[in-house]
Amino acid sequence: MVTKVRSFGLGGIRGYEVAVECYLSNGLPHFDIVGLPDAAVKEARERVRAATKACGLAFPIRRITINLAPADTKKAGTIYDLPVMLGILSASGDIDPIPKDFAFFGELSLTGELRHVPGALPMALSACRTDVRHLFVPADNAPEAAYATGLSVYPVTHIGDLMLHLRGGKQITPVSECKIVANYSTLPDFSEVKGQENVKRALEVAAAGGHNILLVGPPGTGKSMLAKRLPSILPDMNRDEMIETTEIHSVAGFTNRENPILSARPFRSPHHTVSAPAIAGGTSNPKPGEISLAHNGVLFLDEMPEFSRDVLEALRQPLEDGQVTISRAASTVTYPSRFMLACAMNPCKCGWFGHISGRCICTGKSVTQYHERLSGPLLDRLDIYIETPSLEYDELRKQPDSETSASIRKRVNAARDKQRERYTGSTTTCNAYIGAKQLEKHCKLPPECDKLMRDAYARLALTARSYDRILRVARTIADLADSKHIALPHLAEAIQYRRLSFGKN
């Protein structure tokens, strides 16, 4: 007898349906799983056998063949334990045939308990796109899977509870979607920062338009401190952004029962020893890298020149395309990577190049070599350059009286609302990703602005890419000023953010 139980698998951050087919036949006892399973899937044989017996159920002493269809797609992980077990029990007659609108996934313990698996939300969303109406998942995955609308999600703690439900006994109560509330109270606040008003303004502009930013200054000026406060002023995410971001983190295994969904924009800060595959995504079974985990949020590179050349150059294509394609022998997957890049660096190896104290001990050659660690094409992809000067003693002694992050975030949200309204009907979500046609339409320069731009283009030796980025930043500054058109002050401020001098010795 052949039975079929519906389940789901993961391809990148998208789920796809998998039919778990079970065939029991006479012959010497044997348990085989086919359909391109990896080692974890094959090991389901022992988990299923032990869990079945631990729950007091009879495990058939027959030849068992499990096929995971489509058979030409590689299957990975422990998500098929539960449907494999149910397929065997149904084929042996211990339970009735599984209804067609039921689907299952989950890892089994040897005692019959169900354990958390990665990728619950993408698989639940895939179930919504089919005719599945009842999805049974481990209890720890249920709060996350419940954000997929259009189906009933049942939290299963133990196989015994599921058996009672399927046999018409005590029913499992479906879970409902929890209210999403973004919590910013635990984040460091801009009100704690002393001085650096120009830098805080630049960070506000970057957050409002989703622009990439580079902070340059000597040690101890607050570059890292300011960057780590950036999440507190980022605009609120809408539901679609929350779902898409959570899909990536779910596949990476970073969601749990207490934190089933990301309600605030992610902030990723990898160490400078990170490898290129860890940044872009990799391994033989590709997983999201740091640039994908920062999707809809911020990727912060502290001490940027200390990162390897391979890592920095791996950022170039995702910064332009908003996605990264990872090709391996086993598979090719594409992950979204629409992130805001924030970087911090010293002006030289010792950190004091150009400082008024004259403390720099670097030679001209070593300063040049330090700067050459950053390629011109990568720097050209950064929208804003801002220097963080050393604070005077009186500034340090003053009590901070800066604006709170909440008040800055209010302006940032207002600017983002204008951008969403302006780009309604397109895939553009903020000014940083304006296309060529939208630049012509929404970033027209009046004659006085055109003259300033012409002079800056020649004086700063700008490229076509940097020209476009200045217009995008100017559009964001105009949005923060509640202006429908780019005016001279907006453009002048945007041009100011393209100057990268590193100081002068």
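Looking for something open to solvent by 40 Å² or more (accessible area, probe 1.4 Å) and closer than 22 Å to ARG201 by Cα - is there at least one such residue anywhere in the range 434-451? No; the residues of the range 434-451 include none that is open to solvent by 40 Å² or more (accessible area, probe 1.4 Å) and closer than 22 Å to ARG201 by Cα. Among the residues making up the range 271-303, those that are assigned to a loop (DSSP other than H, G, I, E, B) and either within 16 Å of the chain's Cα centre (by Cα) or closer than 14 Å to ILE248 by Cα (or both) are PRO286, GLY289, ALA294, HIS295, ASN296, GLY297. With respect to the conditions (1) assigned to a loop (DSSP other than H, G, I, E, B); (2) of a type in the set (S, T, N, Q); (3) free of Cβ contacts under 8 Å to residues at least 40 places away in the same chain, SER366 lacks only one, and its number is (1). For the range 466-486, does any single residue satisfy the condition of being in contact with a helix residue (DSSP H, G or I) (Cβ under 9 Å, 6 or more places away or on another chain), within 24 Å of TYR385 (Cβ to Cβ), surrounded by fewer than 13 Cβ atoms within 10 Å (Cβ to Cβ) and not hydrophobic (A, V, I, L, M, F, W, C)? No, the range 466-486 contains no residue that is in contact with a helix residue (DSSP H, G or I) (Cβ under 9 Å, 6 or more places away or on another chain), within 24 Å of TYR385 (Cβ to Cβ), surrounded by fewer than 13 Cβ atoms within 10 Å (Cβ to Cβ) and not hydrophobic (A, V, I, L, M, F, W, C). Between THR65, THR130, the distinction of being in contact (Cβ under 8 Å) with a residue 40 or more places away in the chain, surrounded by fewer than 23 Cβ atoms within 10 Å (Cβ to Cβ) and closer than 23 Å to GLY12 by Cβ belongs to THR130 only. Counting only helices (runs of 4 or more DSSP H) that sit wholly inside the range 419-505, those with at least 1 residues that are over 31 Å from the mean Cα position of the chain (by Cα) are 447-459, 488-496. Might you check whether a residue that is part of a loop (DSSP other than H, G, I, E, B), of a type in the set (S, T, N, Q), touching a Ser or Thr at 6+ places or on another chain (Cβ under 6 Å) and touching a residue at least 12 places away in the same chain (Cβ under 8 Å) occurs anywhere in the range 224-241? So far as the range 224-241 goes, no, none of its residues is part of a loop (DSSP other than H, G, I, E, B), of a type in the set (S, T, N, Q), touching a Ser or Thr at 6+ places or on another chain (Cβ under 6 Å) and touching a residue at least 12 places away in the same chain (Cβ under 8 Å).
Can you confirm whether ASN256 is at positive phi, touching an Asp or Glu at 6+ places or on another chain (Cβ under 8 Å) and part of a loop (DSSP other than H, G, I, E, B)? Working first, answer last.
Values: at positive phi: no; touching an Asp or Glu at 6+ places or on another chain (Cβ under 8 Å): yes; part of a loop (DSSP other than H, G, I, E, B): yes.
Criteria not met by ASN256.
Can HIS249 be described as over 13 Å from the mean Cα position of the chain (by Cα) and not charged (D, E, K, R)? Reasoning before the result, please.
Details: over 13 Å from the mean Cα position of the chain (by Cα): no; not charged (D, E, K, R): yes.
Taking the combined requirement at face value, the residue does not satisfy it.
Checking the conditions here, which among ARG6, ARG47 is modelled with pLDDT of 95 or more, out of contact with any helix residue (DSSP H, G or I) (no Cβ under 7 Å at 6 or more places or on another chain) and not aromatic (Phe, Trp, Tyr)? Sole residue among the options that is modelled with pLDDT of 95 or more, out of contact with any helix residue (DSSP H, G or I) (no Cβ under 7 Å at 6 or more places or on another chain) and not aromatic (Phe, Trp, Tyr): ARG6. Tell me, please, whether a residue that is within 22 Å of ARG268 (Cβ to Cβ), assigned to a loop (DSSP other than H, G, I, E, B) and out of contact with any Cys (no Cβ under 7 Å at 6 or more places or on another chain) can be found in the range 343-358. Looking for residues that are within 22 Å of ARG268 (Cβ to Cβ), assigned to a loop (DSSP other than H, G, I, E, B) and out of contact with any Cys (no Cβ under 7 Å at 6 or more places or on another chain), one finds at least one in the range 343-358, hence yes.
Give the number of residues within the range 26-79 that are charged (D, E, K, R) and part of a loop (DSSP other than H, G, I, E, B). Explain how you work it out, then say what you get.
First, pick out the residues of the range 26-79 that are charged (D, E, K, R): 32, 38, 42-43, 45-47, 49, 53, 62-63, 72, 74-75.
Now narrow it down to the ones that are part of a loop (DSSP other than H, G, I, E, B): 38, 43, 62, 72, 74.
So the answer is 5.
The values are calculated or read from the model by the stated rules, or taken from the named source; none is laboratory data. Remember, it's a predicted structure, so these values are computed and weren't measured experimentally. So basically every Cβ, Gly included, is an ideal-geometry build from the backbone, and we count neighbours across all protein chains shown. Keep in mind that these areas ignore ligands, DNA and RNA; they rest on the heavy atoms of the full protein, side chains included. Shrake-Rupley method; radii C 1.70, N 1.55, O 1.52, S 1.80 Å.
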